[in-house]
Amino acid sequence: DTEVTQTPKHLVMGMTNKKSLKCEQHMGHRAMYWYKQKAKKPPELMFVYSYEKLSINESVPSRFSPECPNSSLLNLHLHALQPEDSALYLCASSSYGGAGETQYFGPGTRLLVL
Amino acid sequence: SQELEQSPQSLIVQEGKNLTINCTSSKTLYGLYWYKQKYGEGLIFLMMLQKGGEEKSHEKITAKLDEKKQQSSLHITASQPSHAGIYLCGADLPLNAGKSTFGDGTTLTVKP
């Protein structure tokens, strides 16, 4: 099973809302990632968790709050977002989070902030 | 500046034609990955190259990594409409272990 699942597929939220994105994998991977992708641009790394600990935070605004409750699950909590945060949010996982590892991506959550 | 340069930015080919997409880095790479993405969807892993001079093939797609591990090419033979999409190269750069960076992508259109 090389599948990474993400829910929801689409999300529309107002600037005062609180919502969460969910990502799950059952490949036994110990590294999980959040990427943000704007239209016609490549994915940009936001966060990396390795062994359930946050190892990389690419200076992401605090209105994005990641959480890794266990090795299979990764959440991204959203609060007080701005319209410019509208994008495709991609989750990925890999074996350990080291160099040269293949990352397996989920289908993404398309977020629209009104 | 962009750490991975991809070319061309877009490509339109007639079905059945061969094509090549290139990805270049100014630094030696730990590994070079090729992904395909349909607009608004997730990235589908195609191939990973790690050794200098390595070449891998899957169905009609062949990827090569040069000896210096700074340039890769993706070649599609006898293109089909199902090959259409955005092709992205990705890599881990030195001192950035685990922090994959991506090229800007190449949008491929295959005309039937």
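The figures follow:
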{"read-out": "Inter-chain shielding of B:43-49 (mean C-beta neighbours from other protein chains, 10 Å cut-off)", "value": "4"}
{"read-out": "Cα-Cα over 21 Å, subset of B:Lys36/B:Lys64; A:Lys40/B:Lys60; B:Lys27/B:Lys64", "value": "A:Lys40/B:Lys60"}
{"read-out": "DSSP-defined antiparallel bridges as percent of all bridges, the protein assembly as shown, nearest 5", "value": "90"}
{"read-out": "Karplus 3J(HN,Hα) series, Hz, for the range A:18-23 with 6.51 cos²θ - 1.76 cosθ + 1.60 (x for Gly, Pro)", "value": "10, 9, 9, 9, 10, 9"}
{"read-out": "Residues with amide H under 5 Å from that of A:Met15, placed H, sequence gap 5 or more", "value": "A:Leu114"}
{"read-out": "Anisotropy class of the range B:22-96 from Cα gyration tensor, a/c 1.5 cut", "value": "oblate"}
{"read-out": "A:Ser86 long-range amide H proximity, modeled H, under 5 Å", "value": "A:Val113"}
{"read-out": "Karplus 3J(HN,Hα) series, Hz, for the range A:73-89 with 6.51 cos²θ - 1.76 cosθ + 1.60 (x for Gly, Pro)", "value": "10, 9, 10, 10, 8, 10, 8, 6, 6, 10, x, 6, 7, 4, 5, 8, 9"}
{"read-out": "Packing-based order for A:24-30, B:5-11, using average beta carbon neighbours within 10 Å, highest first", "value": "A:24-30, B:5-11"}
{"read-out": "Rounded Å value of the spacing that divides the Cα centres of the range B:1-49 and the range A:22-72", "value": "23"}
{"read-out": "Cysteines without a disulfide-compatible neighbour (Cβ-Cβ under 4.7 Å), the protein assembly as shown", "value": "A:Cys68"}
{"read-out": "Charge sum, other residues only, whose C-beta stays under 14 Å from A:Ala39's C-beta, Lys/Arg counted +1 and Asp/Glu -1", "value": "+1"}
{"read-out": "Calculated FRET value between B:Ser57 and A:Lys38, using beta carbons and R₀ = 30 Å, to 0.05", "value": "0.40"}
{"read-out": "Most fluctuating residue given options A:Ala39, A:Ala92, A:Ala31, as computed from a GNM of chain A linking Cα atoms under 10 Å", "value": "A:Ala39"}
{"read-out": "Around B:Gly53: net Lys/Arg minus Asp/Glu count, Cβ-Cβ under 11 Å", "value": "0"}
{"read-out": "For A:101-114, mean number of other protein chain Cβ atoms within 10 Å", "value": "4"}
{"read-out": "Per-residue ³J(HN,Hα) for the range A:47-53, Karplus 6.51 cos²θ - 1.76 cosθ + 1.60, θ = phi - 60°, Hz, x for Gly and Pro", "value": "9, 10, 10, 10, 6, 6, 10"}
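Any read-out appearing in this document is the output of simple, stated calculations on the displayed coordinates, not a laboratory observation. Keep in mind the model is a prediction, meaning the values are calculated, not measured. Backbone-built Cβ (ideal geometry, glycine too); neighbour counts: all protein chains shown.
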